[in-house]
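K.L.:
Here's a structure for you.
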Amino acid sequence: MIITDSIIMQSETEVAVTHHPIPMCIPEIRGNEWKYVKECFDTNWVSSVGPFVNRFEREIADYLGASYTVAMCNGTAALHIALMVAEVQPEEEVLVPSLTFIAPVNTIKYIGASPVFIDAEPDYKQMDAAKVVDFLDKKCRWLNGGLFNKETSRRIKAIMPVHVHGHPVDMDPILEVAAKYELVVIEDATESLGSKYKRNFTGTLSHIACLSFNGNKIITTGGGGMIITENEEWARKAIYLSNQAKEDSVEYIHNEIGYNYRLTNVQAAIGCAQLQMIDEYIKDKRRIAEYYNEHLSGLQGIDTPGEAKSVFSNFWLYSILVKQNEYKMDNRSLMQKLTEEQIETKLLWHPIHSLPPYEKFQSYEIQVADELYNQALCLPCSVGITEEDQQRVVKSIRRISSS
Ligand SMILES: *Cc1c(COP(=O)(O)O)cnc(C)c1O
């Protein structure tokens, strides 16, 4: 998209009103996408069977060093299936962060189970691993071979960490406590493809994990998702459930309720082309984050995001914290001012534990998630954003604070 500025007028004091819009996060399509999609049309393989589906699954598995991958029509479907193959039962509970996009929480309800909401930690906005351990140790009891929530009497079955904005959750304490209480860990790696925790890719750290290839994710298929696991039986079950639980395709025998969740060959074709670019995209995302960090870090009232020791973040989304007292304005007012200058920004998700469908479920000591929600602002960080546009964002944030 090239829209030229009609008037170039950018000083520290004058507001430039005629600039082109800077979007928050848009896809980058400049590789083999068109060629591969054309191949689908030319060969008539357009639906959920076809060579690109298998190829995309294999290539993601190779990239991550994972054993089994099963493509799905989106990340939410992948999470739904992951909960089913992990045999989370209705009436059981799953620990999930309150500060997340709502999809993983909804999938817990799809299967009739209940979420228990865990706070974020302040440094990287991730599920607070210490609070996960605390909750399980203090608020639950081991009884007849299972861990039960003292307050609700329900069985705790799984933990679902979400690598928010691409930065890995501190997984070791979570994996350790999960092993201690025989819980399943289901990673929501939908935002963190390419990120690493202690040299291992997110998505390969737990029992089963999910990816998304939605339009704004690090790579896209338009819409799409994938399950990753080392468990062959679970992988087979995921294929089965996402394919209408078809036992026999001649006689159409179905012994269970299944779903139509498969990815199409056309989408997988886009995915194969996108995956060829992922290293470049992540390099760009990290360069974008570095630029903002360097040019905003001195600014009073603005906190820039860091990267924990021994992790590698794909910096999928970039968000600052706006400290109202020092910046003289809160994140929402800053968002409004930037919108007036055609700079698109986004708030963090509303913490889920206080949203109407979920407010009656248990939440454990949540404070930080609300604070982050009230301070965070996501800045434009498309892979293709130019340095001039980043400079414009920085200048605007600096000018607004001093006016
Ligand atoms: C994008 C996203 C999903 C869902 O992916 P879709 O492909 O849009 O269904 C799930 N969890 C998180 C944290 C996400 O950001």
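K.L.:
Can you tell which of ILE282, SER195, GLN342 lies farthest toward the positive end of the dipole of the chain, using +1 and -1 charges on the Cβ of basic and acidic side chains (Lys, Arg; Asp, Glu)?
P.N.:
Of the candidates, GLN342 comes out farthest on the positive side.
K.L.:
For the chain, give the magnitude of the charge dipole about the Cα centre (Cβ charges: +1 Lys/Arg, -1 Asp/Glu; no others), in debye to the nearest 20.
P.N.:
It works out to roughly 160 debye.
K.L.:
Related question: What number do you get for the chain when its Cα radius of gyration is normalised by 2.2 N^0.38 Å, N = residues?
P.N.:
1.03
K.L.:
Still on this structure: Straight-line reach from LYS109: which lysines have a Cα under 19 Å away, not including same-chain ones fewer than 8 places off?
P.N.:
Filter leaves LYS157, LYS360.
K.L.:
What residue among THR107, THR69, THR43 has the largest mean-square fluctuation in a Gaussian network model of the chain, using Cα springs under 10 Å?
P.N.:
THR43
K.L.:
Then there's this: Could you size up the charge dipole of region 113-270 around its Cα centre, putting +1 on the beta carbon of Lys and Arg and -1 on that of Asp and Glu, and report it in debye to the nearest 20?
P.N.:
Roughly 180 debye, rounded to the nearest 20.
K.L.:
LYS150: which aspartates and glutamates have alpha carbons under 15 Å from its alpha carbon, excluding same-chain residues fewer than 8 sequence positions away?
P.N.:
GLU91, GLU92, GLU93, ASP134, ASP137
K.L.:
Relative contact order for the chain: what percent, with Cα pairs under 8 Å and sequence separation of 6 or more?
P.N.:
23
K.L.:
For CYS140, list long-range residues whose amide hydrogen, built 1.01 Å from N in the peptide plane, is under 5 Å from its own amide hydrogen.
P.N.:
LYS150
K.L.:
Ok, one more. Determine the gain in length on full extension of the stretch SER67-LYS323; use 0.36 nm per residue of separation and subtract their C-alpha separation, reporting nm with one decimal.
P.N.:
87.7 nm
K.L.:
Here's something else I'd like to know. What is the set of long-range amide H partners of TYR318 at a cut-off below 5 Å, with H atoms built 1.01 Å from backbone N?
P.N.:
HN-HN under 5 Å from TYR318: LEU379.
K.L.:
If you don't mind, another one. In Å, what is the Rg of the alpha-carbon atoms in region 132-174, and how long is Dmax?
P.N.:
For region 132-174, the Cα radius of gyration and maximum Cα-Cα distance read 12.5, 39 Å.
K.L.:
What shape does region 126-252 have by the C-alpha gyration tensor, where a ≥ b ≥ c are the square roots of the eigenvalues, rounded means a/c under 1.5, and otherwise prolate means a/b greater than b/c and oblate the rest?
P.N.:
Because a/c hits 1.5 or more and a/b fails to exceed b/c, region 126-252 counts as oblate.
K.L.:
Here's something else I'd like to know. Along its principal axes, what span do the Cα atoms of region 270-347 show, with the longest given first and each in whole Å?
P.N.:
Principal-axis extents of region 270-347 (Cα, largest first): 46, 32, 18 Å.
K.L.:
Within the set LYS283/LYS323; LYS125/LYS309; LYS38/LYS246; LYS139/LYS198; LYS125/LYS180, which residue pairs have Cα atoms separated by over 19 Å?
P.N.:
Pairs exceeding 19 Å: LYS283/LYS323; LYS38/LYS246; LYS139/LYS198; LYS125/LYS180.
K.L.:
Using amide H atoms built in the peptide plane, which far-off residues or other-chain residues are under 5 Å from GLN244 H to H?
P.N.:
The answer is TYR259, ASN260, TYR261.
K.L.:
So how much slack lies between VAL46 and GLU182, counting 0.36 nm per residue of separation and subtracting their Cα-Cα distance, in nm?
P.N.:
So the extension gain works out to 44.8 nm.
K.L.:
Through the Karplus equation 6.51 cos²θ - 1.76 cosθ + 1.60, θ set to phi - 60°, convert the phi angles of region 129-138 into ³J(HN,Hα) values in whole Hz; use x for Gly and Pro.
P.N.:
Each residue of region 129-138 in turn: 4, 5, 6, 4, 4, 4, 4, 5, 6, 9 Hz.
K.L.:
With a 10 Å Cβ neighbour count serving as the proxy for reagent exposure, in which order, fewest first, do LEU183, LEU355, LEU372, LEU79 appear?
P.N.:
Fewest-to-most ranking of LEU183, LEU355, LEU372, LEU79: LEU355, LEU372, LEU183, LEU79.
K.L.:
While we're looking at this one, here's another question. What is the distance, in nm, between label points placed 7 Å from the Cα along the Cα-to-Cβ direction at SER354 and at GLN276?
P.N.:
Placing both labels 7 Å beyond Cα along the Cβ direction yields 4.8 nm.
K.L.:
Can you put LEU321, LEU379 in order, fewest other beta carbons within 10 Å first?
P.N.:
If I rank by nearby Cβ atoms, fewest first, I get LEU321, LEU379.
K.L.:
While we're here: For LYS198, LYS346, what's the fewest-to-most ordering of other Cβ within 10 Å of each Cβ?
P.N.:
LYS198, LYS346
K.L.:
If the only charges are +1 at each Lys and Arg Cβ and -1 at each Asp and Glu Cβ, what is the size of the charge dipole of region 39-178 around the Cα centre, to the nearest 20 debye?
P.N.:
Roughly 540 debye for region 39-178.
K.L.:
Okay, next question. Where in region 68-102 does the amide nitrogen come within less than 13 Å of the point 7 Å from the Cα of ALA245, taken along Cα to Cβ?
P.N.:
Residues 84-85 qualify, since their backbone N sits under 13 Å from the label point.
A short reminder: the numbers here are calculations on the coordinates, not readings from a lab. Owing to the predicted nature of the structure, the values given are computational and were not obtained by experimental measurement. So basically every Cβ, Gly included, is an ideal-geometry build from the backbone, and we count neighbours across all protein chains shown.
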